[in-house]
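This report refers to the structure that appears directly beneath it.
The values are calculated or read from the model by the stated rules, or taken from the named source; none is laboratory data. Computed from a predicted structure; not experimentally measured. Note that we place each Cβ from the backbone using ideal geometry, even for glycine, and neighbour counts take in every protein chain shown.
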Amino acid sequence: LDTREAANAGAKRAIGERAAEFVPDGASLVIDSGSTTQAVARALLDRHRLSVYTNDWRIALLLGRRNDNRVTLLGGELSDIEDATFGLDTVHQLTQYHADFAFIGAGGISPDGYLTDYSRMAAEVRSRMIAAADTVVIVADHSKFGRVTPVRINGIESARYLVTELAPEKTLAKAITAHGPEILIA
């Protein structure tokens, strides 16, 4: 995670700031784990009275105990490679919540415009996060474009926006928008 956080740090900061523009004080949010979603959380530090549901303990510590925010750290098995929880407990707990916004990352965005991830469980958690929100915002820097990881994340057709720092090439942009999300350049 520390390595991924350092990679494209400026792009992730810009993406986080652009994505955070959607969030008013008092909103409820599902925030996925990952380096780009952590940039979203950092951009939300000045918001008040947020209700946050996250599987990322760094995000929980960042947004919790400040500005009258309420933060729920989702349970599950602690990942060996991320500072986050995954598993059936995480998926089940997500069925209990509904939020105004979900901020979701991905392992890759395939050439046919689908979100993909490295493990079945991570993809399932992200799919459930997508289903739990009114407005879904995918956050991904350009390094994810054209990358195919082993498992498809379901629900891209429910996403309202894809926030990134560089426009994807035209064929990929067309494939993404055909699934539903509007592409916003940070």
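Tabulated values for the structure
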{"read-out": "Counted residues, region 86-121 - those being touching a strand residue (DSSP E or B) at 6+ places or on another chain (Cβ under 7 Å) and closer than 24 Å to residue 135 by Cβ", "value": "18"}
{"read-out": "Matching option when the condition is surrounded by 21 or more Cβ atoms within 10 Å (Cβ to Cβ), of a type outside the set (A, V, I, L, M, F, W, C) and under 20 Å from residue 139 (Cα atoms), among 55, 8", "value": "55"}
{"read-out": "Filter result (over 27 Å from residue 91 (Cβ atoms) and not polar (S, T, N, Q)) within region 132-173", "value": "142, 145, 146, 165, 166, 167, 168, 169, 170, 172, 173"}
{"read-out": "Restricting region 118-132 to residues that are in contact with a Phe, Trp or Tyr (Cβ under 9 Å, 6 or more places away or on another chain) and of a type in the set (Gly, Ala, Ser), the residue that is farthest from residue 107 (Cα to Cα)", "value": "132"}
{"read-out": "Filtered residues of region 4-61 (kept if part of a helix (DSSP H, G or I) and touching a His at 6+ places or on another chain (Cβ under 9 Å))", "value": "11"}
{"read-out": "Among the candidates 3, 36, residue that is of a type in the set (Val, Ile, Thr), modelled with pLDDT of 95 or more and either surrounded by fewer than 20 Cβ atoms within 10 Å (Cβ to Cβ) or farther than 17 Å from residue 98 by Cβ (or both)", "value": "36"}
{"read-out": "Residue count, region 16-30 (criterion: under 20 Å from residue 142 (Cα atoms) and touching a residue at least 60 places away in the same chain (Cβ under 8 Å))", "value": "4"}
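This table checks each residue for (1) under 12 Å from the mean Cα position of the chain (by Cα); (2) more than 19 Å from residue 41 (Cβ to Cβ).
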| residue | (1), (2) |
| --- | --- |
| 115 | yes, yes |
| 126 | yes, no |
| 170 | no, yes |
| 182 | no, yes |
